[in-house]
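In what follows, a structure is listed as structure tokens, so that the remarks can point back to it.
Laboratory data are not the source of any read-out in this text; all were calculated from the coordinates shown. Here the structure is a predicted model, which is why all the values come from computation and not from measurement. When we count neighbours, we look across all protein chains shown, and the Cβ atoms used for this are built from the backbone with ideal geometry, even at glycine.
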Amino acid sequence: MDEVINISGLTRDFALGVETVKVLKGIDLKVNKGEYVAMMGPSGSGKSTLMNILGCLDTPTSGQYFLNGQDVSCMSDDELAEIRNKEIGFVFQTFNLMPRINSLQNVALPMIYAGVGLDERTRKAEEALVSVGLGERMKHRPNQLSGGQRQRVAIARALVNNPSIILADEPTGNLDSKTSIEIMQLLQKIHAQGNTIIVVTHEEDIAEHAHRIIRLKDGMIYDDQKNEHIRHYDL
């Protein structure tokens with residue numbers, strides 16, 4: 001299988017006054033195209049820092065990170081911004097939608113930065129919203145949508161540039177149980193279409209949807225196992 005992510009010897013240190021805090025202490029990780037991975041760990045384990053590096057929101061102190069064969073570990077801020085836009089689809093716990101524009105415009109935003117023309121932006125944004133079941137909510141602003149609908153808009157936005165990976169950070173953290181199930185069903189459907197998904201979560205029942213579960217503790221991966229008991233929905 002093709003490797004999407006190849007990380008070796010990755011560390012991340014932070015200066016805290018005169019002290020240096022070592023948050024990541026030598027991460028080796030490979031993720032293949034089409035995998036569905038959950039990353040878990042308690043507070044302080046380093047999973048949020050690793051997520052930020054995977055999403056090209058931060059750079060490592062040392063080590064290498066290859067994303068689709070490109071060494072992104074030493075890229076400039078501008079280069080990282082371009083990689084984020086083209087290669088990574090983000091889904092956040094807090095949705096991160098622009099409140100004053102409608103669903104269609106929110107989904108189209110990444111394509112503006114990618115230089116896609118208006119007609120194509122509109123067509124692709126419409127298709128993405130239909131694919132997540134929001135064809136009737138295209139002209140609604142975020143405050144006119146439920147939490148689950150807002151997360152669906154965020155997922156459509158994450159998909160619209162056909163990224164290499166979907167990076168979902170606690171995607172059901174602000175949702176009730178019924179809506180959480182609907183969002184996990186949607187992520188299952190997206191994975192079944194061939195997308196690579198990495199979910200960062202502290203909830204075991206959310207991690208159980210993934211086909212592989214990686215556990216971090218004290219800045220290191222201490223367990224990386226195939227999930228033998230995948231929570232699966234009939235689609």
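Within the chain, what's the longest run with no trypsin sites (Lys or Arg not before Pro) in a DSSP loop and at most 10 other beta-carbon atoms within 10 Å? Give the range, please.
Details: sites that count: 100, 139.
By the stated rule (loop sites, at most 10 other Cβ atoms within 10 Å), 1-99.
For the residue pair residue 211 and residue 30, what label-to-label distance in nm results when each label sits 7 Å from Cα along the Cα-to-beta-carbon direction?
Between residue 211 and residue 30, the simple spin-label model gives 1.6 nm.
Using only Cα atoms, find the angle between the long axis of helix 118-131 and the longest principal axis of the chain, and express it within 0 to 90 degrees, rounded to the nearest 10.
Once rounded, one gets 80 degrees.
Using +1 at the Cβ of each Lys and Arg and -1 at the Cβ of each Asp and Glu in the chain, identify which of 211, 32, 186 lies farthest towards the dipole's positive end.
186
Compute the longest continuous run of the chain that contains no exposed GluC sites (Glu not before Pro); treat a site as exposed when its DSSP state is not H, G, I, E or B and it has at most 13 other Cβ atoms within 10 Å.
Working: sites that count: 136, 228.
Maximal segment without exposed cleavage sites: 1-135.
Using a Gaussian network model of the chain with C-alpha springs under 10 Å, which one of 184, 39, 98 is most mobile by mean-square fluctuation?
98
Quick one, what does Rg over Rh come out to for the chain if you take C-alpha atoms and the Kirkwood Rh?
Values: Rg = 17.7 Å, Rh = 18.3 Å.
On the Cα set of the chain, Rg over Rh gives 0.97.
Net charge near residue 195, counting Lys/Arg +1 and Asp/Glu -1 over other residues with Cβ under 12 Å of its Cβ?
Values: positive: 33, 189; negative: 35.
Once all neighbours under 12 Å are counted, the net charge is +1.
What FRET efficiency would be calculated for the residue pair residue 74, residue 2, taking the C-beta separation as r and a Förster radius of 22 Å, to the nearest 0.05?
Values: r = 23 Å, r/R0 = 1.03.
Calculated value: 0.45.
Just rank 202, 229, 209, fewest to most, by other beta-carbon atoms within 10 angstrom. Mind showing how you got there, number by number?
Working: 202 15, 229 6, 209 22.
Ranked by crowding around the Cβ, least crowded first: 229, 202, 209.
First select every other residue whose beta carbon is under 11 angstrom from the beta carbon of residue 35; then total the charges, Lys and Arg +1, Asp and Glu -1. If you can, show how the numbers build up before the last one.
Values: positive: 30, 33, 212, 226; negative: 2, 3.
Result for the neighbourhood of residue 35: +2.
For each pair in 22/47; 30/86; 33/86, compute the distance between the two Cα atoms and list the pairs where it is over 18 Å.
Details: 22/47 13 Å; 30/86 20 Å; 33/86 16 Å.
Too far apart for the 18 Å limit: 30/86.
Taking the Cα centre of the chain as the origin, how large is its charge dipole in debye, to the nearest 20, when only Lys and Arg (+1) and Asp and Glu (-1) carry charge on their Cβ atoms? Intermediate values should be presented prior to the final figure.
Values: 25 positive and 31 negative charges, 130 e Å.
Approximately 620 debye in magnitude.
Could you size up the charge dipole of segment 89-222 around its Cα centre, putting +1 on the beta carbon of Lys and Arg and -1 on that of Asp and Glu, and report it in debye to the nearest 20?
Approximately 420 debye in magnitude.
Just how large is the dipole of segment 1-87 about the Cα centre, in debye to the nearest 20, putting +1 at every Lys and Arg Cβ and -1 at every Asp and Glu Cβ?
Details: 8 positive and 13 negative charges, 74 e Å.
I would put it at about 360 debye.
Assuming a viscosity of 1.567 mPa s and a temperature of 4 °C, what translational diffusion coefficient in µm² per second does Stokes-Einstein assign to segment 42-177, Rh being the Kirkwood radius over Cα pairs? Working shown, then result.
Values: Rh = 15.7 Å.
In µm²/s, the coefficient is 82.
Please determine, in degrees from 0 to 90 and to the nearest 10, the orientation of helix 77-87 with respect to the longest principal axis defined by the Cα atoms of the chain, where the helix direction is its Cα long axis.
With both axes taken from Cα atoms, the answer is about 60 degrees.
Tell me the angle of helix 147-159 to the major Cα principal axis of the chain, expressed in degrees between 0 and 90 and rounded to the nearest ten.
70
Work out, in µm²/s and without decimals, the Stokes-Einstein translational diffusion coefficient of segment 1-120 at 37 °C, 0.692 mPa s, Rh from Kirkwood over C-alpha pairs. Each step should come with its number before you reach the end.
On the way: Rh = 16.3 Å.
Rounded to a whole number, D works out at 202 µm²/s.
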